[in-house]
Structures are given as C-alpha cells and as structure tokens.
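Worksheet: the structure to be examined is printed underneath.
We did not get these values from a lab; they are worked out from the coordinates using the rules stated. Since the structure is predicted, the reported quantities are computational estimates derived from the model, not experimental observations. Using ideal geometry, Cβ is built from the backbone for each residue, glycine included, and neighbour counts are taken over all protein chains shown.
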Amino acid sequence: MAEKDIYRTGRKWYDWYHPSDTKEERKLIAKLDVLIVSYAFVTYWAKYLDQSNINNAYASGMSEDLNFHGNELVHFQIMYNLGAVLGQIPFALLFPKIRMNILVPALDILWGVFTLLQYRSQGYSEIMAYRFLVGLFESAFFPAVHYVLGDWYRGDEISRRGGIFYVGLTLGTLTASLIQGACSAHLDGVRGLAGWRWMFIINAVITLPLGIIGVWVWPGTPSNSKSVFLSEQELTLARQRLERAGHTSDHKPFSLTLLKKVFFGYKLWILVIWDIFFWNACLNASTAPYLLWLKSLKKYPKSRLNDLSATAPGLGIFYVLFICFGADLVFGRAGAITIAHSWNLIGVCILLVWDVSQAAKFFAYNTSYSAVAMSSVLYGWANDILKHNVNERALTLVVMNAIAQSTTVWTPLIFWKTVEAPRYTKGFSFTAAMAVCLIGMTWIVNFLHQRQE
C-alpha cells in the first residue's frame, strides 16, 4: 500500500500519533517535537520580529524622522527579499556539508547583529544595506527547517509540525506590533533614542541568545547529528521509520548529475509555478497595507496604531493551526489550501471594491493572514512529493523557494507602491488573481502527486 493509504487513515482528528506507531516511536517523536519543532517555532518568531519590524518602525516615526515620503518602505521590503533570494542557494549548498546545529544558529547570530545595527540608521542608503544583510542571513532558515522536518517526519506528520513552526511567523509579526507600541509609549526619547530605534535593540536582544542555544539544542539531520539528547538507537529508529514510509536518507554532495536531474525534470517547474502563485498571493499580508490604512485614518497615536495592527497576525495564529491541522486530519492538503485562499479572496475582493464601511474594511484586512496560513502545507507537501530522493528534495526545496521569492523583488514595485497606500487597487487585483491561480494549481499538483504514488 502507498504511504497515503497506510498513514493517512485509521486515526481520529485529535490523535497526535498514528495507531501503528510503537511505544519507542512515540517516545522518539515526542523528543523530536521538543528539540526540533519548539526551537524552530521560537527562532521563526524571532526571525519575523526582525523581518516585519521595518513596517512598524516606518509607521511609528521613522518616516518623519528620516524624511521618507515616497516609496522607501516598499524599497526596504524589496531589499530584504533580494538578500533572502540571493542567499538561499549558496547556503543550501552547505546543507550536506555543515551540521545544521552549526549552520542555522550561526546565521541566526549574524542576522541578529544586523538587526541591532538598524537602531543607528541615519538615512535611506544605510537602512537599505542593513535590510539586505538581514535578508541574506535569514535566507536559509525557512528551507533549512523544512529540510530538517523532511528528514525526521513522515509526510502525514509534517503539516502539523510545520503549522506549529509557522505560527512563529504570525506571532512574530504580532509581537513586533506590540513591542513597537510599547516602545512608542514608554521608551520614546529615553537616552536620546526614538521609540522605533529602541525596537531594533530589543529585537536583537531576543534574537542573539537563540543562536547560541541552537548549537546545543538543534539536532541537525539523522545522518549527521551530534545531539546529546538522542542516542544512536534513536537515530537508527528515526531512519528506519522513514524508510518504511518510502523516504530515502542517503545524503550526498550536490553534483552535476543531480543538477541535470532536477533542472530538466518536470517536478521542479511544477513546484516553482505553484510556489510563485503562493508568494504573490500573500503580498497583502507582507506589504503592510493594514498598518498604512490605520495610519491614514489619522486618529490613532503611535502606540494605539501598532496595537490595532496586531489583530491581523493574531487571527493568523488561528488560521495557521486550523489549516495545518485540518490538512493532516480533516480536509486533505488540497482542500486546506483551497479553504485558506478562498477566505483570503473574500477579504481581498472587499478591499478591491473599497467603497464599503470601515467595519467591513477591518474585517477584510483581518482575513489577510489566511494567505500565509497554508505555507507549511505547501512545503510539507513538496517534501512528500520529493521523498524518494533526499538529494533531489534538498535542492528542489531551495530552488523552488528561491525562484518563487525572487518574483517578489519586482512585483511589489509594480503593484504595491507605498505612495498608492492605502487604496492599492492594482495590488489587491493582482493578489486576487494570484489566489485564484494558486487554488487551480493546487488541484493540478494533487492530481500529479496521486498519479506518482
């Protein structure tokens, strides 16, 4: 029987383990959840603090202090994306060569340093350089986590773990808003620093210790793990349970043969097209239209402005858990993605109409994080599609993410210009089109995967 038949049946929605998992396997899974998922979640939370803080800083005094009145915010967002795109493949080449408990924490420390340096920014060029370097060193984190998840968990287990990990995104964005609100209310002017500058300092104080902790906690992969928390017997069991489910675990350095197989095969390009639709269907969550709309109302102080903007990512925590758990246990992966972006489409269409009540706009903006809620379903599914060749999986996951994210280096310049805030007619139209394409492509991927299995 295929893995889908064996592991995706025979359990209730509330079952964390599959009935076929032995006592030893359940003990191992629980330990992996603590070591891998918990650390990935907390570090992703810090990553999104450091990624999204530029939006809160811009709306909380940076634009006025540094005389920004044009498209500077979208330029900062794009420069981050450029660094994130350019760093992914070079760092991915190190995945089989450097233990993950060294590589990932080292990158964490480096992006934390450049997050800190933003507090001293005096102009446009300096912030552009810092945003590029933060993006560069954050670039490998997301594919590295999914690479590690795919090395420890079966296809039926990844979506829920990925969902918990992905809550770090929405919680990080929410926390950035709350931290900026507190900085604006209580630290503005302390030691001669504006409140938005204090936020970068606080974010770095949170980020840097996580890099040090990760060297000790993060277990890497079963084939290259030096964890003090896992015995040799547990590593062997981890490899065996995945091999029974059809996964391979023979890690080899990237080669010309592998490159030809990946780039001339159909899987990469199907996944790239699918991922491009995903990245661009989420721009309504990442380009800060909600925050800029609240600022345009001109009736909220900085602290209140940031507190209100936290409602969208706060609801995003529910969306992520609902969609990711639902994908594993209720709706299936294609159904979960369809539900997530149908809800996103409702909000986008309301904002596209625009001439609606303020309450309707609040509702619409607060649907936006349903767009990103299915990310771990998509990448977990890609892991499952590529499970038969671990080297192909590692390269494809990084390349698909890098190519797809690279489109967001230029699409915001066309569709999400800061000077067009808060209406964004082109932006909402583009996002709606991408969401429809994403839903359609999801069912094509579903058909191709079923045929493969």
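Given the C-alpha atoms of the chain, compute the convex hull and give its volume per residue in Å³.
130
Hey, which lysines would be in cross-link range of LYS361, C-alpha to C-alpha under 18 Å, not counting anything within fewer than 8 residues on its own chain?
Answer for LYS361, where 18 Å is the Cα cut-off: LYS295, LYS298, LYS299, LYS426, listed by chain and number.
Any aspartates and glutamates with Cα under 18 Å of the LYS260 Cα? List them, leaving off those in the same chain fewer than 8 positions away.
Result set, ordered by chain and number: GLU392.
Please work out how much length the chain gains when fully extended from CYS349 to LYS23, using 0.36 nm per residue of separation minus the C-alpha to C-alpha distance, in nm with one decimal.
Length gained, CYS349 through LYS23: 112.4 nm.
Amide H to amide H under 5 Å from THR221: which residues, 5+ apart in sequence or cross-chain, H placed 1.01 Å off N in plane?
It is MET100, by chain and number.
If eta is 1.567 mPa s and T is 4 °C, what Stokes-Einstein diffusion coefficient results for region 157-260, Kirkwood Rh from Cα pairs, in µm²/s?
In µm²/s, the coefficient rounds to 72.
Order the peptides 404-414, 424-434 from the highest to the lowest mean number of other Cβ atoms within 10 Å of their residues.
Top to bottom by mean Cβ count within 10 Å: 424-434, 404-414.
Calculate the tail of P(r) for region 364-453: the fraction of all Cα-Cα distances greater than 15 Å, expressed in %.
Summing the P(r) tail past 15 Å for region 364-453 gives 71 percent.
How far apart, in nm, are two points set 7 Å out from the Cα along the Cα-to-Cβ line at TRP443 and at ILE201?
Here the answer is 5.5 nm between the modelled labels.
What dipole magnitude, in Debye to the nearest 20, does region 147-306 give about its Cα centre under +1 on Lys/Arg Cβ and -1 on Asp/Glu Cβ?
It comes to approximately 580 debye.
Send over the Kirkwood Rh of region 16-153, from the inverse of the averaged 1/r over different Cα pairs, rounded to one decimal Å.
Kirkwood hydrodynamic radius for region 16-153: 16.7 Å.
Which lysines does LYS261 reach when only Cα atoms under 25 Å apart count, and residues fewer than 8 places away in its own chain are ignored?
LYS261 reaches LYS97, LYS252, LYS387.
Just check region 221-310 against the gyration tensor rule for me: Cα atoms, a ≥ b ≥ c as the square roots of the eigenvalues, rounded for a/c under 1.5, and otherwise prolate or oblate depending on whether a/b exceeds b/c.
Because a/c hits 1.5 or more and a/b fails to exceed b/c, region 221-310 counts as oblate.
Which value at 222 nm does the chain reach when only helices count, each DSSP H run of 4 or more adding -39,500 (n - 2.57), with the total divided by all residues and rounded to the nearest 500 deg cm²/dmol?
-23500 deg cm²/dmol
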